[in-house]
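Heads up: the structure comes next, in structure tokens.
The values are calculated or read from the model by the stated rules, or taken from the named source; none is laboratory data. Remember, predicted model here, so these are calculated numbers, not experimental data. Heads up, the Cβs are rebuilt from the backbone with ideal geometry, glycines too, and the neighbour counts pull from every protein chain shown. We work out accessible area using only protein heavy atoms, side chains counted, and drop any ligands, DNA or RNA first. Shrake-Rupley method; radii C 1.70, N 1.55, O 1.52, S 1.80 Å.
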Amino acid sequence: QVQLVESGGGLVQAGGSLRLSCLASGIIFWQNTLGWYRQAPGKQRELVAEITRDNFINYAESAKGRFTISRDSAKNTVYLRMNSLKPEDTGVYYCKAHNHYTDLDYWGQGTQVTVSS
């Protein structure tokens, strides 16, 4: 059974930092592209950052220069370090694993990030 469990969200003031973690179980870690997505109230879920099995990294324009995605295969965990947070970064952050062999996507339950101005 695949499980993705996010943690690390919370309430932070503008300019602050958070580190999100996503612990994956039930997947073969290296077969997957791992990504972080954000869903703001009333908006569609959007990609924030992703890291492929070859460690190629892609960031949304809004995340470039402020966020850093990384993966620790020994811990089956993907991280999102978020610096210089802005109120527009507020939303529920979801972790996603995309398996390149089965073409299946798996999602976590999400963690709330709220940035106050």
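Quick check on my filter: what residues within the range 1-31 are more than 14 Å from Gly108 (Cα to Cα), assigned to a strand (DSSP E or B) and of a type outside the set (Gly, Ala, Ser)? Break it down into steps so the answer makes sense when it comes.
If we filter the range 1-31 for residues that are more than 14 Å from Gly108 (Cα to Cα), which is where we start, we get 10-19, 28-31.
Narrowing further to those that are assigned to a strand (DSSP E or B): 10-13, 18-19.
The answer is Leu11, Val12, Gln13, Leu18, Arg19.
Note on the range 2-16: among residues that are at pLDDT 95 or above, of a type in the set (A, V, I, L, M) and touching a Gly at 6+ places or on another chain (Cβ under 8 Å), the one that is most open to solvent (accessible area, probe 1.4 Å) is Val5.
A quick yes/no check of all residues on (1) modelled with pLDDT under 95; (2) out of contact with any Leu (no Cβ under 8 Å at 6 or more places or on another chain):
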| position | (1), (2) |
| --- | --- |
| Lys43 | no, yes |
| Glu46 | no, yes |
| Thr68 | no, no |
| Ser73 | yes, yes |
| Thr102 | yes, yes |
| Gln112 | no, yes |
| Ser117 | yes, yes |
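Output the number of residues of the range 17-54 satisfying the condition of being under 30 Å from Ser116 (Cβ atoms) and surrounded by 15 or more Cβ atoms within 10 Å (Cβ to Cβ). Break it down stepwise before answering.
So the first thing to find is which residues in the range 17-54 are under 30 Å from Ser116 (Cβ atoms), and the list is 17-23, 34-51.
When the remaining residues are screened for being surrounded by 15 or more Cβ atoms within 10 Å (Cβ to Cβ), the result is 18, 20-23, 34-38, 45, 48-51.
Total satisfying the criteria: 15.
Filtering the range 67-83 to residues that are aliphatic (A, V, I, L, M), farther than 17 Å from Gln109 by Cα and open to solvent by less than 90 Å² (accessible area, probe 1.4 Å) leaves Ile69, Met82.
Remark: pairs (first residue in the range 37-60, assigned to a loop (DSSP other than H, G, I, E, B); second residue surrounded by 15 or more Cβ atoms within 10 Å (Cβ to Cβ) and not charged (D, E, K, R); Cβ separation under 6 Å; 6+ apart in sequence or on different chains) = Ala40/Gly91; Arg45/Tyr37; Thr52/Thr33; Ala60/Val48.
Filter the range 89-108 for residues that are surrounded by fewer than 17 Cβ atoms within 10 Å (Cβ to Cβ) and within 19 Å of Phe56 (Cα to Cα) and give the result. Of everything in the range 89-108, those that are surrounded by fewer than 17 Cβ atoms within 10 Å (Cβ to Cβ) and within 19 Å of Phe56 (Cα to Cα) turn out to be Asn99, His100, Tyr101, Asp103, Asp105. Checking the structure you have, find out if any residue of the range 15-30 is among the charged types (D, E, K, R) and touching a helix residue (DSSP H, G or I) at 6+ places or on another chain (Cβ under 7 Å). So far as the range 15-30 goes, no, none of its residues is among the charged types (D, E, K, R) and touching a helix residue (DSSP H, G or I) at 6+ places or on another chain (Cβ under 7 Å). Taking the listed residues Lys64, Lys86, the one that is charged (D, E, K, R) and surrounded by 13 or more Cβ atoms within 10 Å (Cβ to Cβ) is Lys86, with no other qualifying.
Mind checking which residues of the range 54-82 are basic (Lys, Arg) and more than 15 Å from the chain's Cα centre (by Cα)? Of everything in the range 54-82, just one residue is basic (Lys, Arg) and more than 15 Å from the chain's Cα centre (by Cα), namely Lys75.
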